Structure formats: structure tokens, C-alpha cells
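Undergrad: Before we start, here is the structure in question, set down as C-alpha cells.
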Amino acid sequence: DGLAALAYHPLVGEARGVGLIGRLELVRDKGARESYDPKAAVAAQVVKNAQRRGLIVRSLPGDVISVCPPLIIEPHEIRELLAGLAGALDDTWAWVKASSIR
């Protein structure tokens, strides 16, 4: 449910997951599901911002963010992970708006 809530973020075109494995597809235009230019490295920026918040996430080709926490994660840690990821998305959205990527 927490990952699905991130689908409402302006950067996220689709959020999906199975069990504890999740992924967020980042898009330039939610309606058209148009991707960013790969040279913009938007997913890499999300990874950097997540790392600043103490998270380890991975970017995949096509501006996709992969989340795969340890199986022993506790519910409160999942909430912390999702809050950190939301913050990393917010930080990246501010970066996108401040630059001429759009």
C-alpha cells in the first residue's frame, strides 16, 4: 500500500511490487507516460537523494527505481523506508523543476 501511494508523486508513472520487491517508473509526463531523456539521469538523481537519506535503492534502465529491502525488515522500518523514498522523490522533483530537464 505504501509503494502504491507513491504513484501519486509527480515523478512516478507507475508503482508496482510483489512481496517486498518494488519498482517505481519515473516519467516526464504522467498522462502520456513519456520518459525523460536518458541523458538527464533522473533515476540516478533519485538514487543519490535516497542515499543521502540512508537508503539503498537501485536504478534500472528506463528510469526505474528498484526497492528490495531485507526479508527481516520490521513494519516500522518499512514506514521509514517509504518516507525516505518519498523524500528522495521530492528532492529529485525540486531538482528537475530547478533545472531545464522538463
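The values are calculated or read from the model by the stated rules, or taken from the named source; none is laboratory data. In this text the structure is predicted, and so the values were computed from the model without any measurement. Cβ coordinates were reconstructed from backbone atoms using ideal geometry, including for glycine residues, and neighbour counts include every protein chain displayed. Accessible surface is based on the protein model in full, side chains and every heavy atom, while ligands, DNA and RNA are left aside. Shrake-Rupley method; radii C 1.70, N 1.55, O 1.52, S 1.80 Å.
Undergrad: State the three equivalent ellipsoid semi-axes of the stretch 1-47, derived from the C-alpha gyration tensor as the square roots of 5 times its eigenvalues, in descending order and whole Å.
TA: Semi-axes, largest first: 19, 13, 8 Å.
Undergrad: I would also like to ask the following. How large is the convex hull of the C-alpha atoms of the chain per residue, in Å³?
TA: It is 88 Å³ per residue.
Undergrad: Take the solvent-accessible surface of the protein heavy atoms, probe 1.4 Å, and return the percent of it on the chain that carbon and sulfur atoms account for.
TA: Of the solvent-accessible surface of the chain, carbon and sulfur hold 55 percent.
Undergrad: Taking the Cα centre of the stretch 24-77 as origin and charging only Cβ (+1 Lys, Arg; -1 Asp, Glu), how large is the dipole, in debye to the nearest 20?
TA: 200 debye
Undergrad: How much accessible area per residue does the stretch 28-96 have, counting only protein heavy atoms and a probe of 1.4 Å, in square angstrom?
TA: 60 Å²
Undergrad: Could you order the peptides 68-74, 31-37 from most to least packed, using the average number of other C-beta atoms within 10 Å per residue?
TA: 31-37, 68-74
Undergrad: Please give the contour-minus-distance gain from L20 to I72: 0.36 nm per residue of separation, less the Cα-Cα distance, rounded to one decimal in nm.
TA: 17.7 nm
Undergrad: I've got another one for you. Could you compute the net charge surrounding S35? Neighbours are other residues with a C-beta less than 10 Å from the C-beta of S35; K and R count +1, D and E count -1.
TA: -3
Undergrad: Enumerate the calculated ³J(HN,Hα) couplings along the stretch 50-57 in order (Karplus 6.51 cos²θ - 1.76 cosθ + 1.60, θ = phi - 60°), each rounded to whole Hz, writing x wherever the residue is Gly or Pro.
TA: Here the 3J(HN,Hα) series is 5, 4, 4, 9, x, 9, 10, 10 Hz.
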